Amino acid sequence: MSILVYIENVEGELKKSAYETLSYGKALGDMTGEEVTALSIGNVSGEQLEKVGKYGVKKVIEVNTKDLSHFLNQAYASVISEVAKNLHTNTVVLANSFSGKGLAPRVAAKLSAALADGAISLPEISGAAWTIKKAVFSNKAIATEELHEQKKVIAITPNSLEAKVSPVEVTVEKYEPQVLPADLSTIIKDIVRATDKISLPEADIVVSAGRGMKGPENWAMIEELAQVLGAATACSKPVSDAGWRPHEEHVGQTGLAVTPNLYIAIGISGAIQHLAGVSASKTIVVINKDPEAPFFKVADYGIVGDAFEVIPQLIEAIKAYKNN
Amino acid sequence: MKILVCLSNVPDTTSKITFTDNNTSFNSAGVQYIINPYDEIALSRAVELAAEAQGTVTVIHVGESSSDATIRKALAVGADDAVRIDSVARDAWFVANQIAHYAKAHAFDLILTGRESIDYNGAQVQGFLGELLEIPSISIAKKLDINSMEASVEREIEGGKEVMIVSLPIVVGTAEGVAEPKIPNMRGIMTARTKSLQVLDPIAVPVLSKITHYDTPAPRGEVKLIDKANVEQLVQLLHSEAKVI
């Protein structure tokens, strides 16, 4: 019996969500007494794979065949379940990332496992009964879910559980899976990635702006604030609907739900649909010239003032703080 | 081309989310239900694609008769016919099995779902369907075009997008960007009344998981207001009190 942690890479690099899944797998192994193995698929360097040990996982299975150098949903799901079967895995842990959301249900179906997607806690285990918490109704509520199967797939929400460091020695074992041609039928034509941008779902700090910015031409100061903070940029629905910003920046109930350590909302009134996607952020700062803006009611810190005056001052204050 | 669109019936985005029976079930009293906004995008794109290729659009929903108003709205938007599997939508595994059972018997070229539902946020049905039907599934599509029997799909990835070509049949979970939601016109609303809405019995599916309890997040404390002339204080508080920078 074992635990298998699928560690996602982005262009060969293990990202924060991979460390979070490793740390989760290690903690789960400590609870169940099962051995924990990581699985990496794609072209990831040995140096990157060494980092697995930092989070307490001793063994990595590396699948790095030519056909699988890029993410392919069906093929990756097949490989994960094949390795899980070989290792007599009871629990597969992966990130509920954009790709993870595609993988998790396929892996669960292949293994006839119960799927806990969007998990925000370690399970509570009492004999054969496992319960796990997840955010539902776009973060407006937390559900406790019972998993009835012995086999389980747990997809954890990025940024909701800290990656704890607990270094061990790592061994890497290469493996060549049996992938069916049908699983490789999708042709990837192009991958476009803005490498200089911080990925929104994983960001520790998010700077988000709304209609109060008056027009897309005023976003330079938002981007500058994000840059000095090392933050990702986001926006409200009216802003992406108006085409001021791309859809992928839209956070809220019908956009992306985010859980950063710090969410700074600028010129966003705080409609219930927007709050749904951001309310699980650890600290919320609201900057709005309308003191009656509903967003202030759910904020930790607020500044009542015109963004066009406050933001340049805030940028300078953060630069001064960073230089000290 | 035959297109199947999977619809979920969800509380309106402005709904207050509360629970009953000692926080074990969602309190639907006074809640207005709508087509899941992502499913609305799927439906709109399906209607456009069917018009281009002289295809048909069937909508499928797992739910009780209380969902019929939502299904009629989908017919008014332009779906040709509808199927309702007459059962409470217990969980994503149950729903996916019902849809897969129907889809196997009707050979669809394209099956669309929303990227997730805004109630349980599972994003599971598309992947389950792909696996149950043994066809490719794409989780978060931002663009979807069909050229004869091939789909060109843009998928959202961390910090960018991936463009792929996949042969039909496939399952696609649609997100913003795929289509603009369509508003039904008067003619659509009239014709929707006469379109077929077939009601079928569910198949048995084992229970793999079950939500037993809900909590609402604890409210935050009072907001700390900082004078706009003193933004340095905010930076200090974020560092020393909130410890986030």
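The values are calculated or read from the model by the stated rules, or taken from the named source; none is laboratory data. As the structure is a computational prediction, the values presented were derived from the model and not from experiment. Positions of Cβ are generated from backbone atoms using ideal geometry, with glycine treated the same way; all protein chains shown enter the neighbour counts.
Evaluate the following for B:A76: is it of a type in the set (G, A, S), more than 12 Å from the chain's Cα centre (by Cα), surrounded by 20 or more Cβ atoms within 10 Å (Cβ to Cβ) and in a helix (DSSP H, G or I)? Don't jump to the end; show me each part of the working.
Values: of a type in the set (G, A, S): yes; more than 12 Å from the chain's Cα centre (by Cα): yes; surrounded by 20 or more Cβ atoms within 10 Å (Cβ to Cβ): yes; in a helix (DSSP H, G or I): yes.
In short, yes.
From (1) more than 17 Å from A:V172 (Cβ to Cβ); (2) under 16 Å from the mean Cα position of the chain (by Cα), pick out the condition that doesn't hold for A:E34. Result: A:E34 fails condition (2) only.
Are any of the residues in the range B:168-176 closer than 19 Å to B:E48 by Cβ, crowded, with 21+ Cβ neighbours inside 10 Å and within 7 Å of chain A (Cβ to nearest Cβ)? Looking through the range B:168-176, at least one residue is closer than 19 Å to B:E48 by Cβ, crowded, with 21+ Cβ neighbours inside 10 Å and within 7 Å of chain A (Cβ to nearest Cβ).
Residues being farther than 30 Å from A:D290 by Cα, among the small types (G, A, S) and surrounded by 14 or more Cβ atoms within 10 Å (Cβ to Cβ) are entirely absent from the range A:240-248.
Determine whether the range B:49-72 contains at least one residue that is away from chain A (no Cβ under 11 Å), surrounded by 22 or more Cβ atoms within 10 Å (Cβ to Cβ) and touching a Pro at 6+ places or on another chain (Cβ under 8 Å). Within the range B:49-72, one or more residues are away from chain A (no Cβ under 11 Å), surrounded by 22 or more Cβ atoms within 10 Å (Cβ to Cβ) and touching a Pro at 6+ places or on another chain (Cβ under 8 Å). Between residues in the range A:220-245 that are assigned to a loop (DSSP other than H, G, I, E, B) and residues that are small (G, A, S), which pairs lie under 8 Å by C-beta distance while being six or more apart or on different chains? Final answer for the pair search is A:A231/A:A203; A:S236/A:S208; A:S236/A:A209; A:S236/A:G210; A:S236/A:G252; A:S236/A:A271; A:W244/A:G215. Residues of the range A:106-128 that are within 19 Å of A:A143 (Cα to Cα) and either of a type outside the set (A, V, I, L, M, F, W, C) or more than 8 Å from chain B (Cβ to nearest Cβ) (or both): A:D117, A:G118, A:A119, A:I120, A:S121, A:L122, A:P123, A:E124, A:I125, A:S126. Considering only residues in the range B:207-239 that are in contact (Cβ under 8 Å) with a residue 40 or more places away in the chain and either more than 8 Å from chain A (Cβ to nearest Cβ) or charged (D, E, K, R) (or both), the one that is nearest to A:A116 (Cα to Cα) turns out to be B:K210. Look at the range A:183-212: where a residue is at the interface with chain B (Cβ under 10 Å from one of its Cβ atoms) and a partner is in a loop (DSSP other than H, G, I, E, B) and of a type in the set (D, E), sitting 6+ places away or on another chain with Cβ atoms under 6 Å, you get A:S199/B:E158.
The requirement of being in contact with a His (Cβ under 7 Å, 6 or more places away or on another chain), modelled with pLDDT of 95 or more and of a type in the set (S, T, N, Q) is not satisfied by B:T20.
Annotation note: of B:S139, B:S148, B:S152, the sole residue that is at the interface with chain A (Cβ under 7 Å from one of its Cβ atoms) and under 29 Å from A:F71 (Cα atoms) is B:S139. The set of residues in the range A:190-208 being exposed (fewer than 13 other Cβ atoms within 10 Å of the Cβ) and either among the acidic types (D, E) or touching a Ser or Thr at 6+ places or on another chain (Cβ under 8 Å) (or both) consists of A:D190, A:D196. Considering (1) more than 23 Å from B:Y214 (Cβ to Cβ); (2) within 14 Å of chain A (Cβ to nearest Cβ), the lone condition that B:S117 does not fulfil carries the number (1).
Whether any residue in the range A:40-51 is in contact (Cβ under 8 Å) with a residue 40 or more places away in the chain, surrounded by fewer than 24 Cβ atoms within 10 Å (Cβ to Cβ), hydrophobic (A, V, I, L, M, F, W, C) and assigned to a helix (DSSP H, G or I) is what I want to check.
Applying the first criterion (in contact (Cβ under 8 Å) with a residue 40 or more places away in the chain) to the range A:40-51 yields A:46, A:49-50.
Then drop every residue that is not surrounded by fewer than 24 Cβ atoms within 10 Å (Cβ to Cβ), which leaves A:46, A:49-50.
Next cut, hydrophobic (A, V, I, L, M, F, W, C) only: A:49.
This time we only want the ones that are assigned to a helix (DSSP H, G or I), so: A:49.
Yes, the range A:40-51 contains at least one residue that is in contact (Cβ under 8 Å) with a residue 40 or more places away in the chain, surrounded by fewer than 24 Cβ atoms within 10 Å (Cβ to Cβ), hydrophobic (A, V, I, L, M, F, W, C) and assigned to a helix (DSSP H, G or I).
Please determine, by comparing only the residues of the range B:94-136 that are among the acidic types (D, E) and within 17 Å of the chain's Cα centre (by Cα), which one is nearest to A:S78 (Cα to Cα). First the steps, then the outcome.
Quick first cut of the range B:94-136, residues among the acidic types (D, E) only: B:109, B:116, B:119, B:131, B:134.
Remaining after also requiring within 17 Å of the chain's Cα centre (by Cα): B:116, B:119.
Values: B:E116: 23, B:D119: 29 Å.
Checking each candidate, the answer is B:E116.
In summary, B:I135 fulfils each of the numbered conditions (1) at pLDDT 95 or above; (2) in a strand (DSSP E or B); (3) surrounded by fewer than 24 Cβ atoms within 10 Å (Cβ to Cβ) with the single exception of condition (2).
Within the range A:181-190, is there a residue that is of a type outside the set (A, V, I, L, M), under 17 Å from the mean Cα position of the chain (by Cα), within 17 Å of A:S99 (Cα to Cα) and outside the structural domain of A:A307 (by TED's automatic domain parsing)?
We begin by selecting, within the range A:181-190, every residue of a type outside the set (A, V, I, L, M); these are A:181, A:183, A:185-186, A:189-190.
Filter again for under 17 Å from the mean Cα position of the chain (by Cα), leaving none.
Checked the range A:181-190: no residue is of a type outside the set (A, V, I, L, M), under 17 Å from the mean Cα position of the chain (by Cα), within 17 Å of A:S99 (Cα to Cα) and outside the structural domain of A:A307 (by TED's automatic domain parsing).
The single condition among (1) within 7 Å of chain B (Cβ to nearest Cβ); (2) within 22 Å of the chain's Cα centre (by Cα) that A:A75 does not satisfy is (1). Could you go through the range A:75-88 and let me know if any residue there is farther than 25 Å from B:S209 by Cα, in contact (Cβ under 8 Å) with a residue 12 or more places away in the chain and surrounded by 21 or more Cβ atoms within 10 Å (Cβ to Cβ). Checked against the condition, which is being farther than 25 Å from B:S209 by Cα, in contact (Cβ under 8 Å) with a residue 12 or more places away in the chain and surrounded by 21 or more Cβ atoms within 10 Å (Cβ to Cβ), the range A:75-88 yields at least one hit. Within the range B:181-206, residues that are within 13 Å of B:G78 (Cβ to Cβ) sit with their Cβ atoms under 8 Å from residues that are in a strand (DSSP E or B) and at pLDDT 95 or above, at 6+ positions apart or across chains, in these pairs: B:K195/B:D81; B:K195/B:A82. Scanning the range A:131-162 for residues that are surrounded by fewer than 17 Cβ atoms within 10 Å (Cβ to Cβ) and either within 22 Å of the chain's Cα centre (by Cα) or at the interface with chain B (Cβ under 7 Å from one of its Cβ atoms) (or both) turns up A:H148, A:E162.
Output the residue which, of all residues in the range A:124-164 that are among the basic types (K, R) and in a loop (DSSP other than H, G, I, E, B), is farthest from B:I211 (Cα to Cα). Talk me through it step by step, then tell me what you get.
Just the residues of the range A:124-164 that are among the basic types (K, R), to begin with: A:133-134, A:140, A:151-152, A:164.
Those left that are additionally in a loop (DSSP other than H, G, I, E, B): A:140, A:151, A:164.
Values: A:K140: 15, A:K151: 17, A:K164: 28 Å.
Looking at residues that are among the basic types (K, R) and in a loop (DSSP other than H, G, I, E, B), I get A:K164.
The residue of the range A:274-295 that is farthest from the other protein chains (Cβ to nearest Cβ), among those that are closer than 15 Å to B:E222 by Cβ and surrounded by fewer than 22 Cβ atoms within 10 Å (Cβ to Cβ), is A:P294. A:P260: buried (at least 23 other Cβ atoms within 10 Å of the Cβ), in contact with a Ser or Thr (Cβ under 8 Å, 6 or more places away or on another chain), of a type outside the set (S, T, N, Q) and facing chain B (nearest Cβ under 9 Å), yes or no? Considered against the rule, which asks whether it is buried (at least 23 other Cβ atoms within 10 Å of the Cβ), in contact with a Ser or Thr (Cβ under 8 Å, 6 or more places away or on another chain), of a type outside the set (S, T, N, Q) and facing chain B (nearest Cβ under 9 Å), A:P260 comes out as yes. Looking only at the range B:27-69, residues that are outside any loop (DSSP other than H, G, I, E, B), closer than 15 Å to B:T13 by Cα and not charged (D, E, K, R) come to 5 in all. Within the span defined as the range A:297-308, one or more residues are touching a strand residue (DSSP E or B) at 6+ places or on another chain (Cβ under 8 Å), touching a residue at least 12 places away in the same chain (Cβ under 8 Å) and assigned to a helix (DSSP H, G or I).
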